[in-house]
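Below: one structure, written as structure tokens.
Each reported figure results from applying straightforward, stated rules to the coordinates on display, with no laboratory input. Just so it is clear, the model here is predicted, and its values are computed rather than measured. Heads up, the Cβs are rebuilt from the backbone with ideal geometry, glycines too, and the neighbour counts pull from every protein chain shown.
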Amino acid sequence: MNTQSNSYWITCCSAALILVIITFTPQVIPYGIHKPSLLGLPYTLWTGILITVGLVVLTFIATRVHPGREGDDKK
Amino acid sequence: MNVWLIILGIVYVSVLLSLALYSKRRTKSADDYMMAGSNIGLILGFMTFAATLFSTFTLMGMPDFFRHHGIAAWIFLAVSDGGMVFLIVWFGYHLRKKVAAKGYNGLAGLMHSCYENKWAGYVYFLGAFVFLIPYVAIQIRGVSIFLNVIFPELLPSWAWASMIVMVMLIYSEIGGLKGIMYADVMQGTILLITVWIIASNCVSFFGGVGEMFKQVETGNPALLSAPGPAGLFNVHFLVSSFLAILLIPVTQPQLATRLVVMRDLTATHRMAVAVGFFAIMIILPTVAIGMYGAVRYPDASTGDFLAQVLFFDQPAVIAAIAVIGLIAAALSTSDSQIFALGAEFRSILKGDEKKLMVKTRLAMVFFGVAALFFSILSSDQLVLLARVSFAGTSLMAPMIFAAILGSRPPGLELVVLTAAGLLLFIGSLFGLLPAVLTGLRIETFILLSLGLVAFFSMFYRRLAIGGGDRE
């Protein structure tokens, strides 16, 4: 495992953690508020979709920088 | 409509049985049968994981959840699934590394091996059994109440449920895990197509997405934000649900096994990304179906709403596809769970391989029958019952993490406390204990407590015994 790969991996994990934490704050789930809307979607829905897409994109990046990928366990 | 349903039904069951027989011909050993030869590529791995994860709970439960509790249901499931696929990248690597060192017949067997104590395997198996049977049951329940509403004169609910269990057991017993995986590819595809066609029809009814939400706002604006009309989606509920769903691939054997049987780590990682995209693709249309129900059938029962939106409001061919799609959704999850429970049962037994296989096959029949009885007795709150299943199995995560991450056997205290935690949670479900402790939902409190115990137990062992280094 090289140090650079490790630091990329840790950055990815930190970004995913931050996204998850933000999800449960009033930034994403303000009680009783559904504006501003985007393309007709209520606020919590479009921010939720963005966060989900963000997590999947981070998952993709994580697979490219995961320290274990260099010693892949091919059978 | 009935003609379409009969034609599609015959085609569906024929393809299922053909796939099972095809798999049977290629099965050469018990490992092939139970672990699909442990050489699964990206496409098969991704489709089987997705079809196993997304089920009746998604196609029937989520629209009903959106209809009753509003759009924050997206945070409840989709964001949690986004976190889950990220966790797979990390956990998949460590699980596969441990399996390479210890071997794998099932998580219960792996716990036995890692803890060097058979009780670790027993506690895991019993926890999985207690919380997976209700999950299987709601798949069967969901489809049987739907079929009962659309064909009230034909068969009672329990008879539909019995037929579903019978079909599932027949093709699972014939084809083994590979047969189930082949079936999952077909069933996952049907599920995705069905849900998008019905959602498109729902949006067309309003004339567009914006107009749909405007009409929801006119009828019940509380549906458009957290915590929803009933106040369900508060931060406590969403966080505890996130943790429960996040840990599904760690604690539920049907998914953990799918991480193990992938060809290599690269395939496992790519599968995680694909499942993440699939999650978005499958949950997004359920929002539209739910909002359609909120406007047109706000006060209907679960069965009536689903029968209307999935069947009576659709053109004949689409309605027939929806029925097959629902059955496919239920079967693709139930078969994997029943099979996984059978594999877990086998992994805690020892003895002659042939006798073990006979016992395993009989155990699968028993699990199927147990799920059938539970499905007849359970309520129609599909998503909330599923959540109980996720929360229950998630309590075993600290015990599993300690086993997977440690290089020496973890302490037995973790096994004992996990068993106690499972009993406490069951006690709370029956109203014997409060649902909230120290301001936290009881399952979150127990999970965090077990997590702390696992951390300190591993830390202590590292200091006292010097065995805490990861392999």
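What are the residues whose amide H is under 5 Å from the amide H of residue B:437, where those residues sit 5 or more places off or on another chain and H is modelled from the backbone? Placed amide hydrogens put B:442 under 5 Å from residue B:437. With respect to chain A, whose longest principal axis is taken over its alpha-carbon atoms, helix A:3-23 is tilted by about 20°.
For chain B, complete DSSP H runs whose alpha carbons reach 24 Å or more along their own long axis and whose mean Kyte-Doolittle score is 0.5 or higher are B:2-26, B:118-150, B:157-206, B:265-296, B:316-347, B:353-377, B:412-429, B:442-464.
The trypsin sites (Lys or Arg not before Pro) of the range B:1-35 meeting both criteria, a DSSP state outside H, G, I, E and B (loop) and at most 11 other C-beta atoms within 10 angstrom of the site's C-beta, are B:28. Once a ≥ b ≥ c are taken as the square roots of the eigenvalues of the Cα gyration tensor of chain B, is the result rounded (a/c under 1.5), prolate (a/b larger than b/c) or oblate (a/b not larger than b/c)? Because a/c hits 1.5 or more and a/b fails to exceed b/c, chain B counts as oblate. In this structure the amide hydrogen of residue B:40, modeled in the peptide plane, comes within under 5 Å of the amide hydrogens of B:262, B:263, none closer than 5 places in sequence on its chain.
Each 10 Å bin, from zero up to the one with the longest distance, holds this percent of the alpha carbon pairs of the range B:14-130: 10, 26, 34, 24, 5. Over the range B:201-283, Cα pairs under 8 Å with separation of 6+ residues give a relative contact order of 9 percent. Computed over chain A, relative contact order equals 46 percent, with contacts defined as Cα pairs under 8 Å that lie 6+ residues apart.
Under the shape rule built on the C-alpha gyration tensor, where the axes satisfy a ≥ b ≥ c, the range B:277-395 is prolate, since a/c reaches at least 1.5 and a/b is greater than b/c. Here the relative contact order of chain B, from alpha carbon pairs under 8 Å that lie six or more residues apart, stands at 32 percent. Mean projection of the Cα convex hull over all viewing directions, computed for the protein assembly as shown: 23.8 nm². Computed from backbone phi, the HN-Hα couplings of the range A:43-56 come to 3, 5, 5, 6, 5, x, 5, 4, 5, 4, 4, x, 5, 5 Hz, rounded to whole numbers (Karplus: 6.51 cos²θ - 1.76 cosθ + 1.60, θ = phi - 60°; Gly and Pro given as x).
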